[in-house]
Amino acid sequence: MNVLQNLDFPKAIRELFPKLMGNALYIVILATVFGFLLAITVGFLLALGRISKKKVLNKLIIIFQEIVRGTPLLVQLVYMYYVVPLLITLFANLIGFKTYTCHMTSLTAGILGLGINYGTYISEVIRASILSIDNGQSEAALALGLTPIQVMLRIVLPQAIRNSIPVFGNYLVMMVKDTSLMAYITVQEFLMTTKAYTSQTFLTIESYTILAVVYLCICIPLGFLAKYMEKKFNQKSR
Amino acid sequence: MPLMEIKNLQKQFGDLQVLKDINLTISKGDVIAIIGPSGSGKSTFLRCLNMLEDPSGGSIIFKDQDILAPKFNIPKYRQKVGMCFQRFNLFPFMSVLENVTFAPKLILKKSKEEAQETALKLLDKVGLLSKADAYPNMLSGGQQQRVAIARTLAMEPEIILFDEPTSALDPELVGEVLAVMREIAKEGMTMVVVTHEMGFASEVAHRVIFMDGGYVVEDSAPSEMFKNPKNDRTKQFLSRVLNPQGGA
């Protein structure tokens with residue numbers, strides 16, 4: 001019963017909680033916001049590339065998607081942090097920039113890794129919703145004199161985005177949770193901060209319980225928000 | 001000078017040749033009804049006229065311009081050639097008013113006020129002024145088609161193509177759409193209408209074209225076409241359509 005007697009939640013809350021709510025929260029928000037913006041951008045580019053009629057581009061994107069979907073996110077983060085800078089340096093040296101060395105902070109690598117991984121999954125959502133827009137919409141817009149690009153930007157994408165926003169919400173919640181993987185590449189987010197605190201104080205049970213509760217407090221409301229938006233948008237579209 | 005001159009028009013889908021050899025001259029102010037059995041290529045022909053389908057051969061001359069020329073500006077051409085669809089194809093995320101003002105603002109660079117003024121006049125003309133702020137899914141099929149007509153008119157086209165505009169409507173809603181079309185025809189708009197409404201064809205059209213098997217089989221005034229068809233296939237088709245109960 002020694003362990004129970006030694007439990008010191010007040011201390012852990014007093015010391016760890018401010019750390020989590022300070023710098024760690026800032027980093028999680030930063031990673032999620034920029035990671036998600038990158039994911040949506042990547043998602044749109046990949047989706048449009050796959051819809052385009054250029055065969056070579058289609059094939060390249062399919063190969064890229066298979067690579068991303070066939071490897072774990074954690075491995076991708078490690079690769080992005082440790083290997084990609086080396087490859088970039090090597091490539092730069094090869095094409096003549098002899099003194100260049102690529103530096104990437106762990107947070108940058110984390111954001112890139114998360115953004116590209118999620119972008120790949122989101123691209124399929126976007127592609128499906130673009131393809132689900134009735135062809136008559138494009139034809140009506142073309143018949144009014146819009147160019148194909150205007151048709152895509154003004155008629156098809158606005159409807160496709162409306163249809164995919166509910167799914168985006170779910171991906172956002174997942175991404176918040178997956179920022180914890182960045183601890184493995186030394187990003188000072190929630191998990192890494194907690195781990196450091198634990199190794200100083202040995203308040204293992206307290207620290208990790210607090211960590212779990214913090215994730216719950218962020219993700220459950222976000223999840224409800226996503227559900228609410230899903231309902232809202234489903235009502236609107238019919 | 002004819003508004004549009006179609007010569008030897010052909011369209012092939014894979015092995016299937018839908019349009020074999022279409023020749024037609026459309027003059028300004030013509031109201032042309034295209035009739036014929038399903039699969040005869042009526043809709044394909046109409047869609048070739050504004051390049052929603054790419055013709056496989058022949059030529060379409062619009063006001064002395066060859067629209068099939070490689071560098072021809074098709075979007076610009078489509079501004080002058082309006083089209084109404086069987087399934088209306090209104091933009092569901094825009095209000096009725098926005099549906100009508102959208103293209104004039106974007107393409108004709110009209111100011112918001114100017115576009116709205118025109119749109120409200122057109123909505124009044126099709127009898128839907130009160131629905132300006134409604135969304136398409138709140139309207140009946142007949143109302144949607146009338147909005148679609150207003151949307152097309154807002155681009156001030158020189159010719160309007162109608163692709164079976166009443167085929168997707170409940171029978172009691174057909175009349176209101178035909179009434180609007182009759183009104184537009186009276187005002188001198190050039191119209192090409194693919195239709196199954198023989199009443200409309202005989203009453204409003206100046207010319208009726210009977211298509212079958214990828215050819216224009218007969219092209220004559222409605223009185224001639226309906227009372228005294230020359231071609232056997234025309235006779236057969238008309239007797240079936242005009243006396244659906246069987247008869248002879």
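The values are calculated or read from the model by the stated rules, or taken from the named source; none is laboratory data. Fair warning: this is a prediction, and the values are worked out from it, not measured in the lab. Positions of Cβ are backbone-derived with ideal geometry, glycine not excepted, and every protein chain shown enters the neighbour counts. Accessible surface is based on the protein model in full, side chains and every heavy atom, while ligands, DNA and RNA are left aside. Shrake-Rupley method; radii C 1.70, N 1.55, O 1.52, S 1.80 Å.
Side notes on the structure shown:
- The one condition from (1) without any contact (Cβ under 8 Å) to a residue 40 or more places away in the chain; (2) part of a strand (DSSP E or B) that B:GLY58 does not meet is (1).
- B:PRO55, sole failed condition from (1) closer than 19 Å to B:GLY213 by Cβ; (2) open to solvent by 60 Å² or more (accessible area, probe 1.4 Å): (2)
- The set of residues in the range B:63-96 that are away from every other protein chain (no Cβ under 11 Å) and either within 22 Å of the chain's Cα centre (by Cα) or without any contact (Cβ under 8 Å) to a residue 24 or more places away in the chain (or both) comprises B:LYS63, B:ASP64, B:GLN65, B:ASP66, B:ILE67, B:LEU68, B:ALA69, B:PRO70, B:LYS71, B:PHE72, B:VAL96.
- Positions within the range A:52-77 being aliphatic (A, V, I, L, M) and surrounded by fewer than 17 Cβ atoms within 10 Å (Cβ to Cβ), in sequence order: A:VAL56, A:LEU57, A:LEU60, A:ILE62, A:ILE63, A:ILE67, A:LEU73, A:LEU74, A:VAL75
- Test: B:GLN143 is crowded, with 21+ Cβ neighbours inside 10 Å, farther than 18 Å from A:SER138 by Cα and touching a residue at least 12 places away in the same chain (Cβ under 8 Å): yes
- Extreme residue, nearest to the other protein chains (Cβ to nearest Cβ), among residues of the range B:13-54 that are touching a helix residue (DSSP H, G or I) at 6+ places or on another chain (Cβ under 8 Å), within 20 Å of B:PHE200 (Cα to Cα) and of a type in the set (A, V, I, L, M): B:ILE34
- Qualifying position, being open to solvent by less than 60 Å² (accessible area, probe 1.4 Å), farther than 23 Å from A:THR147 by Cα and among the hydrophobic types (A, V, I, L, M, F, W, C), among B:LEU122, B:LEU129: B:LEU122
- Flag for B:ALA148 being under 14 Å from B:VAL100 (Cβ atoms), within 13 Å of chain A (Cβ to nearest Cβ) and out of contact with any Lys or Arg (no Cβ under 6 Å at 6 or more places or on another chain): yes
- Selection of helices (runs of 4 or more DSSP H) fully inside the range A:75-150 by the criterion of at least 1 residues being under 30 Å from B:ALA154 (Cβ atoms), touching a residue at least 12 places away in the same chain (Cβ under 8 Å) and within 14 Å of chain B (Cβ to nearest Cβ) returns A:106-131, A:135-143.
- Per-region count, the range B:151-175, residues in contact with a helix residue (DSSP H, G or I) (Cβ under 6 Å, 6 or more places away or on another chain), surrounded by fewer than 20 Cβ atoms within 10 Å (Cβ to Cβ) and more than 13 Å from chain A (Cβ to nearest Cβ): 1
- Residue in the range B:129-141 that is within 14 Å of chain A (Cβ to nearest Cβ) and not in a helix (DSSP H, G or I) present: yes
Listed here are the residues, each with its yes/no results for (1) open to solvent by 10 Å² or more (accessible area, probe 1.4 Å); (2) under 20 Å from B:ASN50 (Cα atoms); (3) in contact with a helix residue (DSSP H, G or I) (Cβ under 8 Å, 6 or more places away or on another chain); (4) modelled with pLDDT of 95 or more.
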site: B:PRO70; (1), (2), (3), (4): yes, yes, no, no
site: B:GLY82; (1), (2), (3), (4): no, yes, yes, yes
site: B:LEU97; (1), (2), (3), (4): yes, no, yes, yes
site: B:LEU106; (1), (2), (3), (4): yes, yes, yes, yes
site: B:GLN116; (1), (2), (3), (4): yes, no, yes, yes
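- Scanning the range A:159-210 for residues that are open to solvent by 70 Å² or more (accessible area, probe 1.4 Å), closer than 23 Å to A:LEU222 by Cβ and not in a helix (DSSP H, G or I) yields a total of 1.
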